[in-house]
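A short worksheet on the structure shown next.
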Amino acid sequence: MRVRALTATNDFSFGQGSDNYLVDSRAAVAQEVQTTLLLFQGEWFLDTTVGVPWFTQVAGVGTIPIYDQVIKQAIQNVQGVTGIANYSSTLNRASRALTVSATIDTQFGITQFQVEIPAVSLS
């Protein structure tokens with residue numbers, strides 16, 4: 001697995017040669033999970049099946065009982081993820097942001113991540 005590393009502002013990193021890439025590592029898998037969770041399903045024209053079905057299965061009224069299952073399934077579908085050891089999500093109703101934190105098992109070892117998905121409408 002080889003992915004271009006992202007900067008703190010989620011832009012591709014350039015100018016450091018091979019240091020711009022995460023290769024066969026827990027960090028590479030964690031970054032792939034984070035970018036998957038920030039991607040709306042159907043948004044990427046090369047593969048419209050990747051991402052999270054935010055509009056169809058997560059956002060909206062009455063989705064709180066099921067949205068964690070949908071997000072966990074999206075995490076499990078990421079290449080390199082072998083399992084989810086620990087998972088939690090927190091909805092900030094004031095900002096409508098959803099924070100997802102997890103410890104995942106990868107083919108390269110265990111790693112943790114946290115991602116904030118802005119302006120999710122759940123109730």
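The values are calculated or read from the model by the stated rules, or taken from the named source; none is laboratory data. Predicted model only: the values in this text are computed from it and were never measured. Please note: Cβ atoms are built from the backbone with ideal geometry, for glycine as well, and neighbour counts cover all protein chains shown.
Once region 1-11 is narrowed to residues that are among the charged types (D, E, K, R) and under 16 Å from the mean Cα position of the chain (by Cα), the residue that is farthest from Pro118 (Cα to Cα) is Arg4.
Taken together, the residues in region 1-23 that are modelled with pLDDT of 90 or more and β-branched (Val, Ile, Thr) amount to 2.
Scanning region 12-49 for residues that are touching a residue at least 24 places away in the same chain (Cβ under 8 Å) and more than 19 Å from Pro118 (Cβ to Cβ), we see that the one that is farthest from the chain's Cα centre (by Cα) is Asp24.
Give region 24-57 a look and list any residue that's out of contact with any strand residue (DSSP E or B) (no Cβ under 9 Å at 6 or more places or on another chain), buried (at least 16 other Cβ atoms within 10 Å of the Cβ) and either over 21 Å from Thr99 (Cα atoms) or modelled with pLDDT of 90 or more (or both), or say none.
None; the set is empty.
Tell me, yes or no, whether region 80-100 has at least one residue that is closer than 25 Å to Ala8 by Cα, touching a residue at least 60 places away in the same chain (Cβ under 8 Å), surrounded by 15 or more Cβ atoms within 10 Å (Cβ to Cβ) and under 11 Å from the mean Cα position of the chain (by Cα). Among the residues of region 80-100, at least one is closer than 25 Å to Ala8 by Cα, touching a residue at least 60 places away in the same chain (Cβ under 8 Å), surrounded by 15 or more Cβ atoms within 10 Å (Cβ to Cβ) and under 11 Å from the mean Cα position of the chain (by Cα), which makes the answer yes. Against the test of being modelled with pLDDT of 95 or more and either surrounded by 11 or more Cβ atoms within 10 Å (Cβ to Cβ) or touching a strand residue (DSSP E or B) at 6+ places or on another chain (Cβ under 7 Å) (or both), the options Asp68, Asp105 yield a single qualifying residue, Asp105.
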